[in-house]
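A short write-up of the structure that comes next.
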Amino acid sequence: MSNKYGDEDESKKAKMHLKANDLLCVNGCGFYGTPQWENRCSKCWRAHQNELKKSQDFAKNKSLLSFDQFQERRKSTTESKSRGIKNLFKASPIPESGASSPTSTSPASTPTRRRDLSPDSLEARKHFTDFLVANLSTAMAQEIARSVKNAVTKICEMRMNPDEMSELVMSYYQYLGERIGGHSLFDSPDCKVKVEDVMDQVEKYISTCCYTTFFCASHEEEVADVSLQDRIRSLHWVTAGFLETKLVFKKQTVRDKIDEGISELIEINAKKSAFEKLDCLTRSCKAVFEALKESESSMSADEFLPTLIYILFRGNPPLIQSNVKFISRFAIPARLMSGEAAYFFTNLSCALEFARNMNHESLQMEKAEFEAYTTGHLAPPLSVINSACNQAMYVLEGTIETITTVVKKAGGLASNLTGVHGKADDDLEKMLIVIKETVDFYPTEEYLKMKESIFGEEQETADLLVSLSRQSSESGRGTLSTSADSQPSTPQPQLEPSLESPLAAVSQK
């Protein structure tokens with residue numbers, strides 16, 4: 001292989017680095033744009049689509065209608081569509097907080113068409129109802145619950161393409177938000193929640209209950225998801241070094257944050273609402289920022305995006321493209337236009353765009369070499385640009401270092417145990433001496449009785465031995481009396497009586 005990964009090319013930047021201004025909408029509105037909307041924000045994209053549709057309708061009808069007739073027909077169509085949306089989600093006017101409806105019921109008992117709900121939908125309904133009851137007046141909670149549940153029922157009965165369904169749901173969000181926002185309850189200083197909080201709960205409830213209708217609605221989207229996942233799988237050889245990240249994998253905290261970011265990115269597919277999916281994405285991106293912080297790297301967009309791409313390649317989350325489309329279609333528009341979640345969502349969209357369009361030029365290498373790595377015919381060389389950031393190598397080094405430390409500590413522990421055993425033996429001997437001295441100096445009644453008993457037994461044994469000794473001596477004298485009389489007698493030495501115990505006297509005899 002060539003030495004193109006040497007020092008002379010380390011200064012080259014992979015073509016995924018962006019500045020913060022590059023993430024903004026091309027229309028200059030100040031909100032974040034995404035590649036899937038041609039770098040427009042959600043608001044400008046819908047406006048662009050509406051203008052495009054109007055232009056197409058105008059071109060189609062220009063040859064059939066005069067301009068005045070076309071204008072009248074377009075106005076009629078717009079008004080009809082507006083009335084259709086309002087009729088579709090029709091609900092009675094929301095009364096003031098002090099008023100009550102004679103026919104109102106609790107949100108949980110709002111009459112709807114009976115249909116089987118999934119466990120997730122049942123949980124979402126309970127959470128939504130509890131939120132309304134806890135934070136809004138009874139009458140207002142009843143009317144919002146009735147309107148939203150009616151909308152869910154109608155949506156599940158409709159058959160539309162994803163974009164038309166998205167436009168309809170966005171219109172309903174706007175319609176309901178305007179109705180709720182005009183209520184005097186939210187002007188009160190005692191109000192616990194804002195209109196945005198209520199709309200977030202509405203979005204969570206509708207997204208969860210209509211998830212099977214909203215998510216991955218066409219066969220083409222399923223095919224595109226599988227294709228993208230295969231594409232990312234073929235790029236498994238692209239390490240953090242190729243993407244020129246500044247991660248320091250020698251630190252365990254950095255590796256932990258990377259794993260946390262991957263887990264949260266994979267968790268996106270398990271959530272049912274756009275609100276929860278964005279929360280998972282936010283936690284994942286915050287873990288990426290923490291990893292950059294632990295690596296003492298800059299936390300700018302220029303460093304964040306390559307790291308997010310690395311996380312995407314490592315995790316290869318399932319159906320990530322469909323999840324991004326789901327969020328863009330059915331999330332509250334304000335959440336995708338500004339704020340923390342919008343910034344992270346825009347970066348994820350850019351990362352997916354980079355994965356789809358990544359080629360040899362992106363990594364500054366030859367086309368044949370890139371294709372060989374992607375197809376698996378060749379493995380990348382262990383050069384500075386990829387091995388220096390190889391996480392597996394650092395994990396192995398860390399494991400070896402940990403094992404070495406454990407062995408050293410085990411040797412020190414064994415030495416300490418030997419010293420402890422010796423000290424324990426010495427302490428035991430000293431303790432026995434102290435116990436004996438203490439017992440002798442402060443004898444207890446039981447000890448004295450035991451001592452007298454032992455002394456009495458010793459006395460009896462000594463007396464018995466003395467008696468046996470005398471009997472043996474007398475029998476010996478009778479046997480040897482003849483020889484004893486013929487020989488001169490020798491005076492026997494006198495034994496002094498023992499002043500100690502009887503056993504000592506017997507032993508002397």
Sequence ranges 220-233, 283-296, 453-466, ranked by mean other-Cβ count within 10 angstrom, highest first: 283-296, 220-233, 453-466
What shape does region 414-463 take by its C-alpha gyration tensor, where a ≥ b ≥ c are the square roots of the eigenvalues and a/c under 1.5 counts as rounded, a/b above b/c as prolate, and the rest as oblate? prolate
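With Cβ to Cβ distances under 12 Å as the rule, what net charge do the other residues near Ser263 carry (K, R +1; D, E -1)?
Numbers: positive: Lys257, Arg283, Arg314; negative: Asp256, Asp259, Glu260, Glu264, Glu267.
Here the count lands on -2.
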Order of 441-447, 149-155 by packing, highest average Cβ count within 10 Å first? 149-155, 441-447
I'd like the FRET efficiency for Thr418 and Phe441, computed as 1/(1 + (r/R0)^6) with the beta carbon distance as r and R0 of 41 Å, rounded to 0.05. 0.70
Would you mind classifying region 122-255 by shape? Square roots of the alpha carbon gyration tensor eigenvalues, ordered a ≥ b ≥ c; an a/c under 1.5 is rounded, otherwise it is prolate if a/b is larger than b/c and oblate if not. oblate
Counted charge near Arg335, where neighbours are those whose Cβ lies closer than 10 Å (Asp, Glu -1; Lys, Arg +1): -4
So for region 390-453, taking the charge dipole from beta-carbon charges (+1 Lys/Arg, -1 Asp/Glu), which of Leu448, Ser415, Val434 sits furthest toward the positive end? Ser415
Region 162-212 and region 400-425 have their Cα centres apart by a whole-number Å value of 65 Å
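Taking square-rooted eigenvalues a ≥ b ≥ c of the alpha carbon gyration tensor, is region 325-369 rounded, prolate or oblate, where a/c under 1.5 means rounded and, failing that, a/b exceeding b/c means prolate? Display every interim value, and only then the final one.
Numbers: a/c = 6.72, a/b = 2.97, b/c = 2.26.
Taking the square roots of the gyration eigenvalues as a ≥ b ≥ c, region 325-369 is prolate.
Restricting to Cα pairs below 8 Å that are 6+ residues apart, what does the relative contact order work out to for region 233-384? Please round to a whole percent.
Computed over region 233-384, the figure is 28 percent.
Read the figures in this text as sums done on the coordinates, not as results from a lab. Since we're looking at a predicted model, the values are computed, not measured. Don't worry about glycine lacking a Cβ; one is built from the backbone with ideal geometry, like all the others, and counts go over all protein chains shown.
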